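Notes to accompany the following structure.
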Protein chains: 2
Amino acid sequence: MSPGDRQPARRESEPEWEAHGSSAPQRATSAGHPAFLFDLDGTLVDSVYHHVLAWRDALEDAGVRLAVWRIHRRIGMSGGLLVNALLRETGHRFTAEEVERLQRAHAAIYARQAGDVRPLPGARDLLAHLTDAGVPWAIATSGKLESARPALDMLGIDPAGPGAIVTRDLVQHAKPDPDLFLAAAERLGVRIEAAVVVGDSVWDLLAARRARALGVALLSGGYGQDELERAGAYRVYQDPADLLFHLDEVGVRAIG
Amino acid sequence: MSPGDRQPARRESEPEWEAHGSSAPQRATSAGHPAFLFDLDGTLVDSVYHHVLAWRDALEDAGVRLAVWRIHRRIGMSGGLLVNALLRETGHRFTAEEVERLQRAHAAIYARQAGDVRPLPGARDLLAHLTDAGVPWAIATSGKLESARPALDMLGIDPAGPGAIVTRDLVQHAKPDPDLFLAAAERLGVRIEAAVVVGDSVWDLLAARRARALGVALLSGGYGQDELERAGAYRVYQDPADLLFHLDEVGVRAIG
């Protein structure tokens, strides 16, 4: 089922989708039963604005002054790409080590506020509904497992458990490269062309198109609807609760 | 020159525009010399994201849980309207006293972070350029003078000085009502139809249209370009530096 099998070692993780309620992998590849690949920050947990200000503070501490909205527009990319893109805009040049240090500083500042972050409305219900409906789902985040852990805890997802969680640590390139979503589909044992990518940022949607998945956007990361549509969103919903309410529009039939 | 003169007492403030470099009030009303009415937060200072999270925390302390992006979309309205709009969305009912308490809580939380806020790129240069070019300008903010003071300090504007600063305290209704911009034009002694309103939020642009001023938008508050255009922006620029670079597009000819 899984196309390419680029990482045969991952085959042993196949029973993972079972825990998410998929009764058989071939169902996931039929037109009527898509799989869902979720971004995490801004899509399932309400952490974007905290991440934005943590980057602002880390950059300022490193001597880089940047308007906050410019950081917001880069959130969702891999941390390394984000730093490089922002430094390019400001004309700064950092060594790889300095970029690494900046990422650690961001992680440390964010970690101090992570307790203030909440799940987005409907996030837990949406995942539970998909599980009940037998629709396989996974989480694919540009963050590292260490920084994603509090968000996963909040959603009641055990990263050491059977769920398919693909973090930055597991792939060579994060968004807007398609690797995270390709790896997530592979871990679910579904074809990427049958997958719906759900994200809040332009980078999720660009990665979805590069992966040949269907991109669905949520406004909950604070991007405008138009930006998301121009980046290729098939549909735009407000938040996970709104997506759950309109799930039939993206190919999930009512449980019957 | 000033149309209507609804508040003759303000006539004594007429010399104010002198300090901003206008050589004669009649110049301001000619087609070639517009006046500029600036929003403050998100337009001249980079404070939107801090305000957003301060509202989030104040609301949560009052038992109202709201996704951060929804608060972002309301920023720039008067604090009272913002609270009422958000409570309506969540189905909460607050007394006038509770709304007032919430506003005080937001102000207190924001004040603790106000030292982290920076001017937006080009803000001081833009104001200095307008002054040098003899173009009258004023600031019209939905915030109260008390909370606007650190931002004005940062821009080098003395609120007790000769500049025209119109804050929430001075008008009956804040944005999206047109009162703040009408009062600012009156204090400058210019016709509102000759004024360019510069703001970062949909509420600035709606207030500009209701006032019959020309609305120009900046992306620096984190709204999408499309949202701003749909709210009536004549032009959209990135930030004050970008507006300064394109000032001839909004009717200010090169000094010389």
Where a ≥ b ≥ c are root eigenvalues of the Cα gyration tensor, a/c under 1.5 meaning rounded, otherwise prolate if a/b exceeds b/c and oblate otherwise, region B:107-188 counts as oblate
Could you pull out every one of the lysines with an alpha carbon less than 22 Å from that of B:K175, ignoring same-chain neighbours closer than 8 positions?
B:K144
Normalise the Debye intensity by I(0) for chain A, one equal point scatterer per Cα, no solvent, then take log10 at q = 0.16 Å⁻¹ and round to two decimals.
-1.15
I'd like the mean, over residues of B:40-53, of how many other protein chain beta carbons sit within 10 Å of each residue's own Cβ.
3
Find the relative contact order for region B:48-116 and round it to a whole percent, using C-alpha pairs within less than 8 Å whose residues are 6+ positions apart.
41
Looking only at B:G79, B:G222, B:G63, which one moves most when chain B is put into a Gaussian network model with springs between Cα atoms under 10 Å?
B:G63
In debye to the nearest 20, how big a dipole does chain A give about its Cα centre with +1 on each Lys and Arg Cβ and -1 on each Asp and Glu Cβ?
580
Across peptide B:59-69, what mean number of C-beta atoms from other chains lies inside 10 Å of a residue's C-beta?
5
222 nm mean residue ellipticity, helices alone, for chain A (DSSP H n ≥ 4; -39,500 (n - 2.57); rounded to 500)
-12000 deg cm²/dmol
A plus B alone minus the pair: what accessible area, both sides summed, probe 1.4 Å, in Å² to 100?
2400
How large, in percent, is the carbon and sulfur part of the accessible surface of region B:48-116 at a probe radius of 1.4 Å?
48
B:D158 accessible area, assembled protein chains, probe 1.4 Å, Å²
90
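Given a 1.4 Å probe, how much area per residue of the protein assembly as shown is accessible, in Å²?
Working: 20870 Å² over 512 residues.
For the protein assembly as shown, the per-residue accessible area is 41 Å².
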Give me P(r) over region B:48-116, computed from all C-alpha to C-alpha distances, binned every 10 Å, as integer percentages.
22, 62, 15, 1
Note down the accessible area of B:S147, probe 1.4 Å, to the nearest 10 Å².
50
Give me the log10 of I(q) over I(0) for region A:117-256 at q = 0.20 Å⁻¹, as the Debye formula computes it from C-alpha points; what are the numbers?
-1.41
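Where does the charge balance sit around B:S47 when Lys and Arg score +1, Asp and Glu -1, over other residues with C-beta under 10 Å from its C-beta?
Summing Lys and Arg as +1 and Asp and Glu as -1 gives -2.
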Among B:Q172, B:Q225, B:Q113, which one moves the most in a GNM of chain B with springs linking Cα atoms closer than 10 Å?
B:Q172
Need one value for A:224-232: mean number of C-beta atoms belonging to other chains within 10 Å of its residues' C-beta atoms.
3
Apply the Kirkwood formula to region A:148-224: the hydrodynamic radius equals the inverse of the mean of 1/r over all pairs of different alpha-carbon atoms; give it in Å with one decimal.
13.1
Select from A:W137, A:W55, A:W69 the residue whose mean-square fluctuation is largest in a Gaussian network model of chain A (Cα-Cα springs shorter than 10 Å).
A:W69
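The values are calculated or read from the model by the stated rules, or taken from the named source; none is laboratory data. Bear in mind the structure is a predicted one, so any value in this text is a computation, not a measurement. Note that we place each Cβ from the backbone using ideal geometry, even for glycine, and neighbour counts take in every protein chain shown. Just so you know, the surface numbers come from the protein's heavy atoms only, side chains and all, with ligands and any DNA or RNA stripped out. Shrake-Rupley method; radii C 1.70, N 1.55, O 1.52, S 1.80 Å.
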